[in-house]
Amino acid sequence: MTDKPIQGEKRVFMTGNEALAWAALAAKADIMYGYPITPQNEVMHYWTRLAPKYGRKFLQTEDELSAGFTTIGGILAGRKAFSATAGPGTTLFQEPISMAEMMRIPLVMAIMQRGGPSTATVIYSQQEVNMVTYGGNGEGWRVVYSTATHQELYDYLIKSFNTAWTYRFPTFVLADGYQAKMREPLVMYDPEERGMKMVEATPFVGLPGMPGKDRPAAHLRNTFSVEEELYEAIIPIHQEYEAMIDHVVEWEEEDVDDAEVIILSHGVVSRAAKAAKNRLREKGYKVGYFRPITLRPFPEKQLQRVAAKCNNFLLAESALGQLARLVKEALFNVPVNKLETIYKPGVGFTAEELIEKIEGTR
Amino acid sequence: MVNNLAMPKSWNADTKPHKFCPGCGHGITLKILGEIIDELEIQDRLVFGVDIGCSLLAWDFFNVDTVQTHHGRTNPVMVGIKRANPELLCIAYMGDGGGYAIGSQHLVNSAFRNEKIMAIVINNCNYGMTGGQMAPTTLPGQKTETSPYGRDPETMGSPTLGPEMVAAIAPAGAYVARASIANIRQLKRFLKKAVENQIAGNGFSFVEVLSSCPTNWRTNAKQTWDYVEKEMSKYFKTGEFRTPDEKKEA
């Protein structure tokens with residue numbers, strides 16, 4: 001049995017779900033807890049086939065609530081534990097995620113968005129942005145990476161374990177059914193062979209020594225008796241979240257300096273946006289491209305800086321304004337000339353329709 | 001002044017006197033559990049999980065690593081810990097709402113899978129923390145805040161028989177019993193056997209404890225005791241339902 005599932009750089013052609021399973025192995029995840037839901041099932045299918053070969057574990061739970069809370073248990077025991085879900089599963093997962101936020105539990109998850117609301121489709125959408133960034137009865141203390149390619153699925157799932165265990169906020173790879181199910185090439189690698197240091201997992205419970213004598217007992221709670229007690233507990237969490245932002249926020253921008261219009265998008269839609277921008281540039285249109293990679297924390301300062309150069313935007317998303325809400329909040333108090341939107345809930349984008357839209361309005 | 005000598009060693013003296021109401025059965029159960037932790041010398045390898053409801057008041061009760069979870073979710077958190085690190089002993093401690101209503105799917109599936117954890121359900125026939133609503137275990141005819149004219153089994157269902165249910169579905173190796181604060185020696189015997197069953201790694205260990213809630217029952221000391229000893233025990237039979245060798249104490 002080898003500890004290193006991937007040695008050297010390995011160019012592969014596979015589905016996104018398979019890439020996620022390999023990424024979790026490469027990130028030294030110890031255990032996955034999960035419940036079947038389309039389109040994330042193959043993350044479990046590959047993990048259950050691969051895990052025993054590398055001494056890793058799996059538990060199929062009775063539902064997503066249990067998947068979330070058993071994952072939290074695994075993390076409390078000091079293991080790198082993760083899960084994956086989608087759609088109505090993400091809804092159920094809000095409960096354990098909120099506990100992870102309050103108790104600073106480094107929960108790692110892949111969310112493969114499907115149509116919504118309710119059961120909707122098993123195929124694709126970007127309608128879980130609200131829920132993954134700000135769901136639960138809390139303040140959105142989460143890190144959310146919205147990926148666009150299989151390479152990013154692999155890179156950002158590995159990175160998610162480090163982000164989660166460094167800052168102790170639940171961390172997500174937010175993708176979708178298209179990324180889950182399509183095949184494309186990527187390069188798999190062992191992160192430590194590339195010089196990336198993987199943060200060690202440490203237990204919250206079961207540390208050596210007699211509790212109350214050799215060490216304090218871990219008394220972990222999420223309930224507080226009075227208002228001020230809660231206030232004093234959560235303000236430091238908020239401050240630590242704020243202090244983390246500059247260290248984790250990520251975005252991508254191209255050709256913004258002389259742009260007359262900037263296409264805003266995230267996730268897989270940004271591939272159509274980037275292709276449209278490139279082809280319009282070839283035709284002589286001054287088009288720019290901006291894509292938040294972290295939807296939470298949102299690259300506010302970065303978008304504001306771009307808006308100071310060009311304040312005409314075309315926003316495209318496979319939802320009815322979930323990205324737009326984050327963008328509008330980021331651009332509050334910034335003069336915006338035009339924010340045009342194309343909302344296609346549950347439906348994908350092509351570069352051509354974005355090109356047509358921009359050519360039609362010029 | 002707190003008399004430390006009367007306390008189990010595993011108790012956290014800094015949080016005593018404890019936060020439960022006078023006459024509540026939680027204190028009795030947790031004292032016995034403390035004695036068992038001491039006798040079996042498991043304080044340094046135990047993780048104690050408490051639910052939402054009155055059980056959460058035990059979040060700092062012991063000098064034992066303790067996790068207070070969400071309503072009904074203590075079983076899966078303990079399952080997750082045990083699966084990740086089987087060296088630890090895990091006890092999920094909850095009320096009848098957490099065990100038989102909001103968390104029933106977790107109890108049922110933990111039992112089906114014979115998870116190597118222990119679960120304790122405190123049955124006091126009502127939801128205590130939220131102010132005395134009807135629970136899965138509320139007796140027929142019993143008045144609560146949400147059954148003010150008495151529980152009518154026709155429209156509100158009959159009381160859940162937890163150990164009977166768990167005993168019916170758990171595989172071999174499980175330990176399942178119902179005890180009562182009205183019989184402390186038996187309660188200690190059953191709780192200890194359940195902990196030992198987990199130490200042996202035989203299977204799921206489950207004990208329901210018939211307990212009291214004078215605050216919400218609005219009963220005095222004698223009425224409270226009578227209700228546990230006479231009324232509750234008529235419906236909820238104490239005894240062992242499953243043991244690893246299938247020899248049972250009635």
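Derivation of every value follows stated rules applied to the coordinates shown; laboratory data play no part. In this text the structure is predicted, and so the values were computed from the model without any measurement. Cβ coordinates were reconstructed from backbone atoms using ideal geometry, including for glycine residues, and neighbour counts include every protein chain displayed.
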Which residues, counting only those in region A:53-93, are in a loop (DSSP other than H, G, I, E, B), farther than 10 Å from A:Asp30 by Cβ and not hydrophobic (A, V, I, L, M, F, W, C)?
A:Thr61, A:Glu62, A:Asp63
Could you tell me which of the residues A:Tyr46, A:Tyr33 is under 28 Å from B:Asn85 (Cβ atoms), within 14 Å of another protein chain (Cβ to nearest Cβ) and either in contact (Cβ under 8 Å) with a residue 12 or more places away in the chain or touching a Leu at 6+ places or on another chain (Cβ under 7 Å) (or both)?
A:Tyr33
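Matching residues to (1) outside any loop (DSSP other than H, G, I, E, B); (2) buried (at least 23 other Cβ atoms within 10 Å of the Cβ):
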residue: A:Trp141; (1), (2): no, yes
residue: A:Gln151; (1), (2): yes, no
residue: A:Lys159; (1), (2): yes, no
residue: A:Ala164; (1), (2): yes, yes
residue: A:Val199; (1), (2): no, no
Among the residues of region A:11-25, what is the count of those that are surrounded by 13 or more Cβ atoms within 10 Å (Cβ to Cβ) and either part of a helix (DSSP H, G or I) or basic (Lys, Arg) (or both)?
10
Which one of the conditions (1) of a type in the set (Lys, Arg); (2) under 16 Å from the mean Cα position of the chain (by Cα); (3) at the interface with chain A (Cβ under 7 Å from one of its Cβ atoms) does B:Arg83 fail to meet, given that it meets all the rest?
(2)
Taking region A:49-91, which residues are away from chain B (no Cβ under 11 Å), among the aromatic types (Phe, Trp, Tyr) and buried (at least 24 other Cβ atoms within 10 Å of the Cβ)?
A:Phe82
Quick one: B:Tyr127 ticks every box in (1) surrounded by fewer than 24 Cβ atoms within 10 Å (Cβ to Cβ); (2) more than 10 Å from chain A (Cβ to nearest Cβ); (3) farther than 22 Å from A:Ala217 by Cβ except a single one, so which number is it?
(1)
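At least 1 residues that are closer than 25 Å to A:Tyr134 by Cα in each: list the helices (runs of 4 or more DSSP H) lying fully within region A:243-362 that qualify. Talk me through it step by step, then tell me what you get.
Details: elements: A:269-282, A:300-309, A:322-330, A:351-360.
By residue number, A:269-282, A:300-309, A:322-330.
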